[in-house]
Every structure is written in structure tokens, then in C-alpha cells.
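Enquirer: Below is a structure I'd like to ask you about.
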Amino acid sequence: MPPLPDTLGLLKSIPSPDTSLERTLREQQALLDNAGVGIVFLRQRMVVRCNQRYAEIFGYETHQSLVGEKSDAFHPDRAAFRALGRAAYPVLAAGQPYRVERLMRRRCGTLFWARLTGSLLNPEDTAEGSIWIIDDIDDQRQAQEQLDAAVWEKQVLFDHAMVGIVFLRDRRLTRCNNHFELMLGYEPGELQGCLSRRWYTNDADWEDVGQRSQGPLSQGLAFAAELKLCKKDGSIVVCEVRSKAIDPSQPNNGSVWITMDITERQQAQAALQHMHHELERVVQQRTHELSETVENLHQEIHNRRQDQERIYWLAHYDPLTGLPNRTLLAERSRDAIAAAQRSHTPLAVIFLDLDHFKHINDSLGHRVGDALLVAIANRLRALVRENDTVCRLGGDEFILLLPGANANGAARVANKLLEASRRAYQIDTHELTMAPSMGIALFPDDGVDFDTLSQCADVAMYRSKLDGRNTYRFFTPQMQAQSLRALLLENALRRALERGQFSLVYQPQFCIASGEIRSVEALLRWSHPELGNISPAEFIPIAEDCGQILPIGEWVLRTALAQLKSWRAQGMVLETMAVNLSAVQFRQPQLPELITQILTDIGLAPDSLELELTEGVAVEDPRAAIATMDQLHACGVRLAIDDFGTGYSSLSQLKRFPIYKLKIDQSFVRDLGEDADDRAIVSAIIRMAQAMGLHTTAEGVETQEQMNFLHEQGCSDVQGYLCGRPIPAEQMHSLLMHQRTESTLFT
Ligand code: C2E
Ligand code: MG
Ligand code: MG
């Protein structure tokens, strides 16, 4: 065996060889040199000896180099060294070993933890020195510190966690943190050893959680659930629970349960959800409002569009009848004329005016008038072709634009309209007929633009009126001149009365039987300073159209009756004064009152007046006409039908007229000598009148032959050039005076 190194120098003092002491020493030396701890022998605060481990611990290369080193060099500072001395020596002096863990200092200056065990060689005498065993526990100490820190941290976590932490074994609480107890309202330690059933609300829940958690926990997985737990006071706390086995392979080690009170969170979530719903509701409401706004906007746009369409419609159509108005007609005519020009095709314009429409309004009111216009418009529209335009100009005037129509085509349409106008319109209780007067102008002969064509058609229409109405006329250049005259006359008429341009002439009506002048007919004359004498046949239709007939007619009545009164005052015997009454006059609502008033004013009995009406008064509205006649009849005024035979009065109608006399139109009388038909008509009229108890007066009797025939047939009276022309009042005065003395004509 090799000799042991004499680390502490113990052997130097030992004599050799092979004594038991020597062996002991050797053994000690071996022990020292191989000890895992540092060993030092100090005396008088100096290193006397130390082992190699000691040198290593303090950072010295050899133990020899430490011999003589001061012992305070191994301590952090002198204060620490002294403090150790003060703590250790009383113990050492008592013969006890002194153990302590302290910070020591290595040669390089770094501090480290060491465990010191010191003892005195001789407690009786400290001067003999001490032996210290030093263990470098720096690593161990640090590991311990880390472990302690970790444990401490865990404990802090455990104690201060904001979640409840519970350790269960066999579903019994082995440990829990303060938070868990607080959460459930228990005192610290109160739940120790309790079954977890304690904080469940019922058995079923508890068992259910037990079963559900078993699987995951045994597989090392986490079990998570949201549970309602029961607090000590019985109230409920909603918790989110997570659990895991401490060691899945060792079920007996139990499990840890982390429990978090989510009541508030749930409340917050509920509040959040509520807010979310509220937000959703508000958004939906806004969306709804928005869609309503959008809808309103659409409606607005729709209304605007409708308004625009309505505005366009009003600007282009007649609101009453829905027919195109003049504006639209002008537009369509322009297009139609341009097309006709391009294709060299004809085009016709018909101007249509309803005869005496005004009287409907005057006698039956505007409502009936409007309804009649609508009915007429519908009928007109139905009668023309698709691409023809029927336009209402206003009032009772219409224009028809007929592209492609020549004279024949236009005449066909006009005839169709005349034909259709014979069918009565049923408006309320009224059965009305309404005849049109029409004028036709043709493109391109009469004009190449709409204005010219419509003016020409208007002139031709006027001609139809003058020619007796209820007919149509084509425009001719002569008409232009005539219509200018009509205009001239109309203007002149307005001032004729005030300027005293009117006068009356009187034509006698003789009783055939007695040969006496039974009555005279007042006939109007107009003498204009520039235009000369104008025939009533020309100016009366104009006066009717422009309404002047009313004041003029009243003037005639007053003048004629005043004349009769004057003659009678002078002793003349004259049964009646016959006065012509225009249909326009006849339809004025106050006519009976006016007549009565005039008769009263003048002071004549009503039967002194014989009113001559034409059949035309009863054409449009027979019932109203009969009512007026009845009223006049009731006043005592005599009524005669003038120009009988030219109108449309039917026998049945005639029967209902409260008339006194028929005046046979001169057109039948004129040809009595040559025309057998006329003779037949005249004798039929006379017989019919007799049957009805009516007087008859034949007009326009110019020859003795005519007179004789009429006499044979039993006609009661005659009027004509043969017996007397229309003459001024003074001449009539003489005639009447003469009659007083002789009466020779009828013998
Ligand atoms: P009327 O009422 O039929 O009058 C008879 C017309 O025949 C008168 O024409 C008269 O001059 C004419 N006449 C009389 N005897 C003969 C005859 O033997 N041969 C011919 N060829 N003619 C004869 P006048 O005066 O030109 O009047 C024309 C029409 O004017 C009248 O026809 C009447 O409808 C209307 N008229 C005349 N005066 C008035 C008036 O004061 N008021 C109204 N509303 N109409 C009147
Ligand atoms: Mg007459
Ligand atoms: Mg007549």
C-alpha cells in the first residue's frame, strides 16, 4: 500500500514505524484527505492545518498554502467573523460542538453558504485551538431556496387565488384555500374532511358530476363544467369548475378542483346579452325606420312621377272628357301633317259644334251638361279609327283629326256622326238628343298647317250652322269671305240696339173665311249705315250664337206689343200680334215671367200675343220644351209653330204641345200648283190640325191658285205677298183703317 500523504502534517510528529498509533494516524490522515468536507485546525485565529478539500472550498491550490492564513479571511467581513466568535465560543466552551450555516468568503471574494461544525480540542483551554468541519452547501442551499420560493409562491397562489381550490380524495375535502371557503360562506377549516356533497344543491347533481368526471379524470384529462353550488346559507352560486386528477395512475391521490364564481360574470353576460339584444332591437328598429324611409322615398318618387304624369295629363287632356286638348291636338297634327307631307297622303280636320248645347246647361244645369258632354265624347271616340284624334277644344266644340282621310272619307265620318247623333243620350232621367254642326277642311287643298286647317274647318262649321245646323259643310274659299262677314255682323250687332238700327215691319195674316186681318206678324229689320239692310235670316243666327238675341228679342216684344196697344187705342180691331221667338229666347228660364212682365208693363191681355216657335225648340229636350210651353200657355199667351213641316216634331210630340196654331212652311206652299206631293203634305197638315183643333196659317202665299187650294182644304188663315208684304207700322195703320171700310179680297 503506498504511503498516505501527510495532509495535516500529523505524521511528522509520529515516530516510525509500525506502531498502532502510527496506523491510527495514518487512518485519520486518509480519512481527512478523503473526506467530502473541509476540515481546518485553528489556533490563535490562524490556520494551523487544513485538508485539501478545505483549500478547494475556499479556492486555494494546496492546503499547505493556507497554513498561517488568518481565519477571518474566510468570512465575509470582520463583523461577521466576530459575530460568529461571539455566538460559537460559549457553546464550544461548554464542550458542545457548535453548528451553524453561514455565508463564508472564498479567496476570490465571492460569498457562499457553508455549514460549519466546530469544536474545541480542549474545552478547558481554548488556546489549544479548535477544529472546524466545513461543508459547501451553496448549491444545496440555492436549490432549497428555489424550492422554498416555489413552495411559497404556490402557497401564495393557493392563499390568494381568486378561485376556490379544493383537493378531494374519495370526494372528501382534504384541503382547500381560503377563497373556496369564503366563496361558499364557511369559516376557515369548517369544510375540512367534508364530503363534496355538502356544497351541491341536491344528490342528483352531485352524483351526476361524480359520474361525468370519472372518465376524464382517470384518463388524465380535465373535467370542466358549469355548476350551481349551494352556499352555507342555502343561496346559490354559479361556478365554473375544472378538475384534474393529481396522478391519474394513482386514483387514491385524489383530484384538485378549481372553482370560479361566475355569478357576476353570468350577470354581466346576461347584461351584455341584454345590451346586445337591445342593440339588435335598436338596429332592427333603425333598419325598419330606414326601410320605411326608403319606402316613403319610393312612394314620394312614385307620387312625384304620378304628379308629373298628372301635370302632363292636365296639360294635354281635357279633364272632363279625357279627350286630348288643343295642345295635344296641335302636337299630333304637326306629326300627322308632316307624315302626310312625306307620304303624299290626304288628311282631314272636322270642326264639330253641338247645336244649342248651351240650352242644356241653362235649363238642366251644368251637371247634366257635363254628363252629356262625357257621353258625347265617348260616342265620338268610339266612332273614329284608332289613329284618328278626337279633341275637345272646350265648351261644346270638338275637333277630329283624320290622317289619311280625303273628302269622301271625311264625309263618311261626318255622316256617321250625324247618324249617331240621332240616338238619344240617357242622362239621369233625361233623354237628350244633341245634333252637331260640322265643318271639314282638307290637307293640303285648304291649308298645310294645323292652324289654317282648323280655322277653315271652323268657318265651314259656321256655314253648317247658318245652313240650318245638324249638318256638315266642306270649306270653300267663298266661305272665308262669308265668315269674315259673320264676324263683322257680330260686332255690329252688339251696338245695333243702342244705336237704334233696328225697326219692325208688320205682315198681315188674313182669316180666309172672313177676309179680315186677324193678326199681324212683327218682322225684325236691321239697317246698318255701312252694311245696309241685313236680312234677319242672316243676322238672327249670329245674334243667337253671340247671345245678342235676348236683348234684341225683348226689344221686339216690347216694340210690337206697344204698337198693338197703340193701334187698338186708335180703334183698330186686331186680335193678336205675332212675334217670332228664337229657340235661344225660348230656353231662357225666366221667359214666362218676362213675357208676363212685358204684357203687364204695356197693359195688354196675354191672348193679344201669339208667340211663333219653331219645331227646333223641342228637338233637344222635348220634356223641358213642353214644360215651358205649358207655362206660357198657362199665362194665356197663344203659341204657334212656325215653319211647320221642316222640323222633326212627331205627331205624338205635337199632341202634347199646348199650341193654338200651325204655320205651314212656305216651302210647301210655293209649289202647290206644280207639286202633287206638296199638295198632299199641305192638305194632310191642315186635316191633322183640324183634327187636333188647331188653327192653320199658310205662309208665303203669293198666288191666287195657292190661295184657292188652301181655301178648299180648309186652311184657316193665310200670310204672303198676295195679301200683303211686311210693311212699316204707319202703312199697316193705313191698311187697318182701310179694312175697317171694305173687305173684298176673299170673295
Ligand atoms: P218667318 O217667321 O217664317 O217669317 C216669314 C218670312 O217670310 C219673312 O221673311 C217674310 O218677309 C217672308 N214672306 C212673307 N210672305 C212671303 C211671300 O209671299 N213670299 C216670300 N218669298 N216670302 C214671304 P223675313 O222678314 O226675311 O224673315 C225671315 C225670318 O227671320 C222669319 O221667318 C223669322 O224666322 C226670322 N225673324 C224675323 N223677325 C224676327 C224677330 O223679330 N225675331 C226672330 N226671332 N226671328 C225673326
Ligand atoms: Mg214667323
Ligand atoms: Mg215662317
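The values are calculated or read from the model by the stated rules, or taken from the named source; none is laboratory data. All figures in this text were calculated on a predicted structure; none of them were measured in a lab. Surface areas here come from the heavy atoms of the whole protein model, side chains and all, with no ligands, DNA or RNA. Shrake-Rupley method; radii C 1.70, N 1.55, O 1.52, S 1.80 Å.
Enquirer: Shape verdict for region 496-737, please, from the Cα gyration tensor: rounded (a/c under 1.5), prolate (a/b greater than b/c) or oblate.
Expert: Rounded is the answer for region 496-737, as its axis ratio a/c remains below 1.5.
Enquirer: Hey, what's the per residue convex hull volume over the C-alpha atoms of region 161-265, in cubic angstrom?
Expert: Hull volume normalised by residue count: 86 Å³.
Enquirer: Any idea of the accessible area per residue across the chain, 1.4 Å probe, to the nearest Å²? It would help to have the intermediate numbers written out before the result.
Expert: On the way: 39180 Å² over 747 residues.
Per-residue accessible area for the chain comes out at 52 Å².
Enquirer: Averaged over all directions, how much area does the convex hull of the C-alpha atoms of region 226-363 cover when projected, in nm²?
Expert: If you wrap the Cα atoms of region 226-363 in a convex hull and average its projections, you get 27.2 nm².
Enquirer: Can you pull the percent of region 472-578's accessible area that's carbon plus sulfur, 1.4 Å probe, other chains left in place?
Expert: 53 percent
Enquirer: Would you count, across the chain, every pair of lysines whose alpha carbons are under 20 angstrom apart, provided the pair is eight or more residues apart or spans two chains?
Expert: 5
Enquirer: Suppose we look only past 12 Å in the calculated P(r) of region 414-460. What percent of the Cα-Cα pairs does that tail hold?
Expert: 67 percent
Enquirer: How large is the translational diffusion coefficient of region 430-518 in µm² per second when you combine the Kirkwood radius over alpha carbon pairs with Stokes-Einstein at 20 °C and 1.002 mPa s?
Expert: So the translational diffusion coefficient is about 132 µm²/s.
Enquirer: Take the alpha carbon atoms of region 610-633, find their center, do the same for region 210-264, and report the distance between the two centers in whole angstrom.
Expert: 115 Å
Enquirer: Moving on. So if I restrict to the alpha-carbon atoms in the chain, what is the Rg, and what is Dmax, the biggest pairwise distance, in Å?
Expert: 72.4, 224
Enquirer: Over the alpha-carbon set of region 437-584, work out the extent along each principal axis and list the three values in angstrom, largest first.
Expert: 67, 37, 23
Enquirer: Binning at 5 angstrom from zero up to the longest distance, how are the C-alpha pair distances of region 35-138 distributed in percent?
Expert: Here the calculated profile for region 35-138 is 2, 14, 24, 29, 20, 8, 2, 0.
Enquirer: Follow-up question, since we're still on this one. In Å and from the alpha-carbon atoms only, list the Rg and Dmax of region 299-412.
Expert: In Å, with Rg to one decimal and Dmax whole: 16.4, 52.
Enquirer: For region 231-275, rounded, prolate or oblate, judged on the Cα gyration tensor with a ≥ b ≥ c (square roots of eigenvalues), a/c < 1.5 rounded, else prolate if a/b > b/c? Working shown, then result.
Expert: Numbers: a/c = 6.55, a/b = 2.20, b/c = 2.98.
Judged from the Cα gyration tensor, region 231-275 comes out oblate (a/c at least 1.5, b/c at or above a/b).
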